[in-house]
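The values are calculated or read from the model by the stated rules, or taken from the named source; none is laboratory data. Computed from a predicted structure; not experimentally measured. As a convention, Cβ positions derive from the backbone with ideal geometry for all residues, glycine included, and neighbour counts pool all protein chains shown. SASA here: full protein model, heavy atoms, side chains in, ligands and nucleic acids out. Shrake-Rupley method; radii C 1.70, N 1.55, O 1.52, S 1.80 Å.
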Amino acid sequence: MAQIYQKHAEEMGVEFKIKNDGNKRPFGSTDMGNVSHVKPSIHPMFNIGTDAALHTHRFREAAGFREAHERTLLAAKAMAFTAIDILSDAEIMKDVDNDFTQN
């Protein structure tokens, strides 16, 4: 699923940069994490054009800018195209289900 999402995002000009922060890992939890134990799912993160930390006043302010809105729209489109691919192609759906049950 993530590969399909990335393909669509890249087709719209989104760049995926690999960060090498050593052993630094994201922390926290979401309800999405709970869902991912039951159903195949992804939780893409995307850059809105700021280095501000999530859930801060600086991030809230940055989220109001046009650039953030444009980047959010691209992420939403990539997610929609991902869902269309999965739901409209039985072979892709089968691959997603197989990957989920094997991991």
Computed, not fitted: 222 nm per-residue ellipticity of the chain from DSSP H runs ≥ 4 (each -39500 (n - 2.57)), nearest 500, equal to -17500 deg cm²/dmol
Per the 1.4 Å probe, what fraction of the accessible area of the chain, in percent, lies on carbon and sulfur atoms?
55
Between the DSSP loop rule and a limit of at most 13 other Cβ atoms within 10 Å, which chymotrypsin sites (Phe, Trp or Tyr not before Pro) in the chain are left?
Phe16, Phe27, Phe65
How many lysine pairs in the chain, separated by 8 or more positions in sequence or lying on different chains, have Cα atoms less than 23 Å apart?
9
Could you report the accessible area of Glu67 in Å², rounded to 10, computed with a 1.4 Å probe on the protein chains as they sit in the structure?
90
When N counts the residues of segment 49-103, how does its alpha-carbon radius of gyration compare numerically with 2.2 N^0.38 Å, as a ratio?
1.66
For Met93, what accessible surface area do you get with a 1.4 Å probe? Give it in Å², rounded to 10.
70
Under a point-charge model restricted to the Cβ atoms of Lys and Arg (+1) and Asp and Glu (-1), what is the dipole moment magnitude of the chain relative to its Cα centre, in debye to the nearest 20?
460
Structure-derived log10 I(q)/I(0) by the Debye sum over Cα atoms at q = 0.10, 0.16 Å⁻¹: which label, when the choices are (1) -0.31, -0.69; (2) -0.35, -0.76; (3) -0.36, -0.89:
(3)
For the full complex of protein chains and a 1.4 angstrom probe, list Arg58, Arg71, Arg66 by accessible area with the highest value first.
Arg66, Arg58, Arg71
For the chain, which DSSP H helices look membrane-span-like by this rule: Cα extent along the axis of 20 Å or more and mean Kyte-Doolittle of at least 1.0?
none
For Glu15 the rounded accessible area (nearest 10 Å², probe 1.4 Å, non-protein molecules ignored) is 140
